[in-house]
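Reviewing the structure listed below.
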Amino acid sequence: MSARDTIAAVATPPGAGGVGVLRVSGPAVPALARDLLGRTPQPRHAHLAAFRDADGAVLDRGLLLYFPAPRSYTGEHVLELHAHGSPVVLDLLLRRVCALGARPARAGEFSERAFLNGKLDLAQAEAVADLIAAGSEAAARAALRSLEGAFSTRVQTLLEALTRLRVHVEAAIDFPEEEIDFLADPAIAAQLEALRADLAALLAEARRGVRLADGLHVAIVGRPNAGKSSLLNALAASERAIVTDVPGTTRDVLRERVQLDGIELTLADTAGLRDSGDAVEREGMRRARAELERADLALLVSDAAHAEADLALLAALPPEVARVVVVNKIDLDGAASRRETRGREVWLWLSALTGAGLDLLREELKRHAGLGEGAAGAFSARTRHVLALERVAAHLEAAALTLAATRAGELAAEELRQAQRALGEITGEFTSDDLLGAIFSSFCIGK
Ligand code: GDP
């Protein structure tokens with residue numbers, strides 16, 4: 001790995017605080033640390049130091065920690081200066097460190113170096129950013145699991161199985177006279193099937209990981225007066241929720257963000273889905289539809305008096321979006337709260353007014369948010385990972401079809417090679433500069 005320059009950045013958030021941390025990484029760190037401390041620092045030891053300007057004036061007094069390579073976050077020599085959390089002091093310190101041979105770091109540059117030095121793979125580096133940005137307890141836990149390698153290990157295991165299979169198939173191609181027999185071997189088909197099953201399981205978990213990291217996006221739809229806002233308020237109030245306005249809400253779509261048992265829900269109360277000749281209402285419907293297409297779940301709110309008529313609204317929902325039908329206002333006819341599965345829909349009978357049956361809805365939302373059964377070991381993931389896994393699945397399917405139909409080893413091997421590549425993109429075994437740039441530039445400076 002080529003010698004890099006030395007980078008520095010304030011690692012704590014902007015603004016005043018009790019403590020502010022300046023992080024420095026690169027080859028100039030040992031000399032820089034000696035300059036600042038007046039002697040050689042002990043590795044991984046908190047030294048109380050006076051941080052001085054070039055003319056000897058004390059800028060601040062704080063802690064100096066030195067992490068020699070390779071046992072550091074970036075894998076390079078790293079220095080941490082813990083000073084008072086004053087933006088002015090931290091800026092002076094940053095200038096001082098730059099005068100001593102560092103330069104200001106770009107966004108995500110520390111994590112990028114950690115990746116390039118093999119300290120973290122790409123999915124783990126992304127988990128660092130996701131942990132920092134986590135909007136709920138569940139998201140934070142899931143991101144930490146990914147950071148500790150829960151997701152990467154699964155990808156690695158699949159990658160090894162895929163490599164073994166590819167070696168098998170390519171070996172067969174090298175012996176053309178035996179190729180047909182070899183590729184007809186049921187063991188190969190079985191191996192490929194096992195791989196596809198493991199991949200399908202991982203894909204489902206990665207999709208859940210995206211929902212855990214991003215929170216669940218729920219679009220609430222239904223006739224005016226069905227009780228959509230009441231339901232939203234009841235959910236929020238029952239959880240003593242942190243309800244925040246989301247910027248950019250339109251008159252037609254009201255959005256609220258709610259923490260529900262440690263998960264983050266974005267609830268969008270959309271305009272009705274009625275057919276209308278009115279231009280304003282048509283625009284409202286267009287937005288409602290766009291909202292639905294982005295949603296993880298559609299919550300169709302109806303009431304006992306209109307449930308059958310509102311069934312028509314179900315047909316108007318985009319077919320791929322998961323849905324839950326809420327029959328509201330059960331207090332009016334004294335019915336009990338309950339849950340029923342009808343075809344692909346879950347139906348819930350409840351009352352937003354009395355709160356009866358709200359617990360059923362909360363359970364349902366948690367299940368959709370990825371906190372259902374088996375969530376204890378859930379890891380976070382990104383859409384980028386899900387898209388890569390979907391490409392892997394497509395290549396494996398093509399490989400299976402090719403082997404079954406034509407026994408064309410070359411073609412199957414090529415599909416396996418592409419599957420391997422797509423899988424390797426998740427952990428960064430195969431990457432492009434564009435991809436790395438896109439990933440790390442979305443980090444904050446100092447990460
Ligand atoms: P939206 O137009 O779908 O948002 O409906 P609202 O939440 O504004 O509710 C319409 C009316 O129904 C209001 O008068 C609510 O108080 C009432 N309402 C909502 N939920 C219930 C419920 O569970 N039981 C009863 N009895 N009334 C309800």
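The values are calculated or read from the model by the stated rules, or taken from the named source; none is laboratory data. This structure is a prediction, so every number in the text was calculated from the model and none was measured. Here the Cβ positions follow ideal geometry from the backbone for every residue, glycine too, while neighbour counts run over all protein chains shown. Heavy atoms of the whole protein, side chains included, go into the accessibility calculation; ligands, DNA and RNA do not. Shrake-Rupley method; radii C 1.70, N 1.55, O 1.52, S 1.80 Å.
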Seminar exercise, completed: Contour minus Cα-Cα span, ALA197 to ALA356, at 0.36 nm per residue, comes to 53.2 nm
Problem set entry | trypsin sites (Lys or Arg not before Pro) within region 1-88: DSSP coil, no more than 14 neighbouring Cβ in 10 Å | ARG39, ARG44, ARG71
Problem set entry | J(HN,Hα) series, region 109-126, from Karplus relation 6.51 cos²θ - 1.76 cosθ + 1.60, nearest Hz, glycine and proline x | 5, 5, 5, 4, 5, 4, 5, 5, 8, x, 7, 9, 8, 5, 5, 5, 4, 5
Problem set entry | Gain upon complete extension [ALA189, ALA133; 0.36 nm per residue less C-alpha separation] | 15.9 nm
Problem set entry | Relative contact order, percent, region 309-398 [alpha-carbon distance under 8 Å, six or more residues apart] | 18 percent
For this session: For the chain, set up a Gaussian network in which alpha carbons nearer than 10 Å are linked by springs, and say which option among LEU297, LEU435, LEU203 fluctuates the most.
Result: LEU435
Exercise. Pairs of lysine in the chain with Cα under 26 Å and at least 8 positions apart or on different chains: total?
Worked result: 4
Seminar exercise, completed: Between the modelled labels at CYS444 and ALA46 (7 Å from Cα along Cα→Cβ) the distance in nm is 2.2 nm
Seminar exercise, completed: Amide H contacts under 5 Å for GLY108, restricted to residues at least 5 apart in sequence or on another chain and with H modeled in the peptide plane, are CYS444, ILE445, GLY446, LYS447
Problem set entry | Förster radius 45 Å - calculated FRET efficiency between ALA376 and GLU170 (Cβ-Cβ, nearest 0.05) | 0.70
Seminar exercise, completed: Quick calc, ALA408 & LEU332: beta-carbon distance into FRET formula, R0 60 Å, rounding 0.05, result 0.35
Problem set entry | Alpha-carbon centroids, region 295-369 and region 2-48: separation in whole Å | 56 Å
Seminar exercise, completed: Relative contact order in percent for region 6-120 (Cα pairs under 8 Å, 6+ apart) equals 32 percent
Problem set entry | Fluctuation leader among GLY108, GLY62, GLY370 - the chain, Gaussian network, Cα springs under 10 angstrom | GLY62
For this session: Evaluate the charge dipole of the chain about its Cα centre and quote only its size in Debye, nearest 20, assuming +1 on the Cβ of each Lys and Arg and -1 on the Cβ of each Asp and Glu.
Result: 1680 debye
Seminar exercise, completed: Sites removed, the longest contiguous part of the chain containing no DSSP-loop GluC sites (Glu not before Pro) with at most 14 other Cβ within 10 Å is 149-319
Exercise. Where is the GNM fluctuation largest for the chain (alpha-carbon springs, 10 angstrom cutoff): THR406, THR383, THR74?
Worked result: THR406
Problem set entry | Spacing of the two label points (7 Å from each Cα toward its C-beta) at ALA99 and ASN225, in nm | 7.4 nm
Seminar exercise, completed: P(r) of the chain over all Cα-Cα pairs, 10 Å bins starting at 0, rounded to whole percent, reads 4, 17, 20, 19, 18, 14, 7, 1, 0
Exercise. Calculated from DSSP H runs of 4 or more alone, at -39500 (n - 2.57) each and per residue, what is the 222 nm mean residue ellipticity of the chain, nearest 500?
Worked result: -15500 deg cm²/dmol
For this session: Would you please state which residues of region 185-212 a label at LEU435 would reach in this model, taking the label point 7 Å out along Cα→Cβ and a backbone N cut-off of under 18 Å?
Result: 203, 206-207
For this session: Take the alpha carbon gyration tensor of region 132-176, find the square roots of its eigenvalues, order them as a ≥ b ≥ c, and report rounded if a/c is under 1.5; if not, report prolate when a/b exceeds b/c, else oblate.
Result: prolate
Exercise. Using the heavy atoms of the protein chains alone and a 1.4 angstrom probe, what is the accessible area of the chain per residue in square angstrom?
Worked result: 47 Å²
Problem set entry | Cα principal axis extents for region 288-369, largest first, Å | 35, 28, 23
For this session: List the residues whose amide H sits under 5 Å from the amide H of ALA11, counting only those 5 or more places along or on another chain, with H placed 1.01 Å from N in the peptide plane.
Result: VAL21, LEU22, ARG23
